[in-house]
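Reviewing the structure listed below.
The values are calculated or read from the model by the stated rules, or taken from the named source; none is laboratory data. In this text the structure is predicted, and so the values were computed from the model without any measurement. With ideal geometry, Cβ positions are generated from the backbone for all residues, glycine too; neighbour counts draw on all protein chains shown.
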Amino acid sequence: MWSNTPLVVAVAIPELPLEEPVLVFTIALAVFLVGPLLVRRLGQPGIIGIVLFGAILGPGGTGLVAHSDAIVLLGEVGLIYLLFTVGLELDLRQFSEDPGSAALFGLVSFGLPFVVGTIVAMALLGLDRLSALLLAAVFASHTLLAYPIVNRYDVTRNRAVTAVFGGILFTDTLALFVLALVRSAAEAGLTASVVVEKIVALGVLLAGTWFVVPPIARRFFQNFSEESYFEFLFVTVVFFGAASAATLLDVAPILGAFVGGLALNRLIPEGGTLLSRIEFAGNAFFIPFFLLHVGMFVDATVIFQGRRTLEVAAVIVGVMIALKWLAAWLVARVKGYTADERDVMFGLSIGQAAAALAITLIGFEVGLFDAAILNAVVLMLIVSAVLSPWVTKRAGQRLALAEAVEPDDGALGDPRILLPISYAADRQRQLLEMALLLKDDERERPIHTLTVVQPARRGSPDRTVDEAYDDLEELTAVGSEAEVPVDPEIRVNHNPASGIVRGAVEVQADLLLLGWDAQRSIGQRLFGSVIDQVLARTTDPVMVARLGHPVNTTDRLFVVLPDGIDHHEGFFESVALLKRLADRLGAPVTVLAVGGSAHQYERLFDLVEPELDAEFRELSSWRALHSRLEDDATANDLVSVISSRPGSVGWHDELRELPSRLAELPPASFVLLHPREDDPEYDRQFLRFK
């Protein structure tokens, strides 16, 4: 007989703060996921989000999660891992190209803030000598937060930028050495014998790691390269071994990890699978636990209980900015750098993250820093995370625009075009017809049509794949009518953007042609649309089209050129594509230069095949552009815009909303061409001598 007794499920309500390992681990992983996503939407580095969430959840905030021994342990491991990756990712090649400039900038950029900062910390903040020395070392170092910006502007080979890249070897090494010295002095006093002892210990650590690790690592990689997880385990043993050796020598273990990273620097190539695994493990797990660990030390109530935190933060930020600028000015004056180069050096050197956080945390744990200083350093990180990219972006853009364009000869061949097809999209035939117009007369290479099938979206995967093939066969028939081979491709992937980018790599595409439906869901606004994700994941040229009329009925082609786009590394290839499109359409061309020189663009257009007559007009602003298109463009015109990716040369914030504005204009047909990134030599092959 079945019992009529109701089933009761007992639910244990955990007590606060949470200490149960599974719950704490789950919350930590959720923070690692959500924190960076939220702050990146605000244009800030992801590390800020994890630190802030740690402060909110920790004892100094809501007290939801206990600062348990497990978090402390993983935080210490993450700290060592972080400093190892700093040493591993330093560009020693940049240092070797001009060691004199790197040494000069590194020593000046560290020395000025360190010496003056120590005096100011003692005089204004009332710190004792050891605490002042350690606090000065915090902001005397720097982290290349703004590296992606100079990389996007293609100025990483500039003499001033290479000096900063090489100089970080000196600033971080000296800052970590000061940490080791101050830790020992806190126990035995700052005497000459302590200084000599630490110098000898550092020499032994450097010599032992530098001469022992590389030969062993080279032999290991030669014999065990087929087992990737053995390589990863070997690397972790090496840098934790170096950290342990530093501990035995009574210097900071993070200094040992940093030296271990330097020793393996040349043996782990950039872009290799081993480095990818190291970065993945660090960025996804170990380093976030360190950031969470730091955030839990932060006590927000200290800020509101008195002015101490704000006063310390103001002194730190003020001294750092002033002295980093003075260091950049002195080096620029000695080396004869331009004002833009000086400002780039300044912008790069005021970034603070890895070394500053590491030194501050250890200083707090050994009792040299109080909660006010820890909070102040976190505020400094937030300020530098905003200021460093802003300064670097402004100066880097001016530096990129100052470089002259060097023409070469060549012509646009038959591009490999990838045309992603959405099974919910219409007007795919019009996109295919546009792709046909971009092919050359020989039409030897096929157009690759691609559908990315999401397994969980509808039905079974097999049935969805069959439906996708049916859709692609219709476009294949259209290509056959035009005597152009069309190769259908199917990818099964939960992320459409990832499937598109992988497909582009597999077919070696020269151009991606995407359609735009002018609609964005809530999820797309948070995580970015498929187009946004594709642009972020590929450096190939991407053409985004919204066609309101058959492209072959186009009466006139407008070409919109943002100010500075002529200095973009993919400019000439983009011009070649648009000139071919206009030539095939037989449509007159009107070039609208927003904020630039019409005469300059006319000269540059004349360098690119095919020969084509065009009208060039200068417009003073984006508002003038909208007015001009409203007045002159008709329903059968096509508006094309050469739009760089965000942060690249020629980018303007107005370009972000331009597609939506163009969709409201009478033509309703436009093309946004995002040029190729990071390959200026490839771009110059599309030029010809006149």
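Per-structure values
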| item | result |
| --- | --- |
| Wholly enclosed helices (runs of 4 or more DSSP H) of segment 456-542 bearing at least 1 residues β-branched (Val, Ile, Thr), at pLDDT 65 or above and surrounded by 12 or more Cβ atoms within 10 Å (Cβ to Cβ) | 461-481, 496-506, 530-537 |
| Within segment 82-110, tally of residues that are under 18 Å from ILE350 (Cα atoms) and either without any contact (Cβ under 8 Å) to a residue 24 or more places away in the chain or among the β-branched types (Val, Ile, Thr) (or both) | 2 |
| Hey, ALA355 closer than 22 Å to ILE254 by Cα, in a helix (DSSP H, G or I) and touching an Asp or Glu at 6+ places or on another chain (Cβ under 8 Å) or not | yes |
| Lone qualifier among GLY208, GLY166 - being without any contact (Cβ under 8 Å) to a residue 40 or more places away in the chain and not in a loop (DSSP other than H, G, I, E, B) | GLY208 |
| Scan of segment 63-101 for residues that are farther than 24 Å from PRO253 by Cβ, aliphatic (A, V, I, L, M) and surrounded by fewer than 24 Cβ atoms within 10 Å (Cβ to Cβ), ordered by number | LEU64, ALA66 |
| Some residue of segment 222-234 being in contact with a Ser or Thr (Cβ under 8 Å, 6 or more places away or on another chain) and farther than 27 Å from GLY363 by Cα | yes |
| Test: ALA123 is assigned by TED's automatic domain parsing to the domain that holds ARG342, modelled with pLDDT of 80 or more and buried (at least 23 other Cβ atoms within 10 Å of the Cβ) | no |
| Subset of segment 88-140 (residues that are touching a Gly at 6+ places or on another chain (Cβ under 8 Å), over 29 Å from PHE240 (Cα atoms) and outside any helix (DSSP H, G or I)) | ASP98 |
| Among (1) surrounded by fewer than 20 Cβ atoms within 10 Å (Cβ to Cβ); (2) part of a helix (DSSP H, G or I), the one test that ARG157 misses | (2) |
| Sole residue being in contact (Cβ under 8 Å) with a residue 12 or more places away in the chain, under 28 Å from ARG645 (Cα atoms) and hydrophobic (A, V, I, L, M, F, W, C), chosen from LEU181, LEU144 | LEU144 |
| Segment 320-347, residues that are closer than 17 Å to ALA136 by Cβ and not basic (Lys, Arg) | MET320, ILE321, ALA322, LEU323, TRP325, LEU326, ALA327 |
| LEU176 on the phi < 0 side of the Ramachandran plot, in the same structural domain as ALA322 (by TED's automatic domain parsing) and not in a helix (DSSP H, G or I) | no |
| Of all residues in segment 244-258 being part of a helix (DSSP H, G or I) and either over 29 Å from the mean Cα position of the chain (by Cα) or among the β-branched types (Val, Ile, Thr) (or both), the one that is farthest from LEU169 (Cα to Cα) | LEU248 |
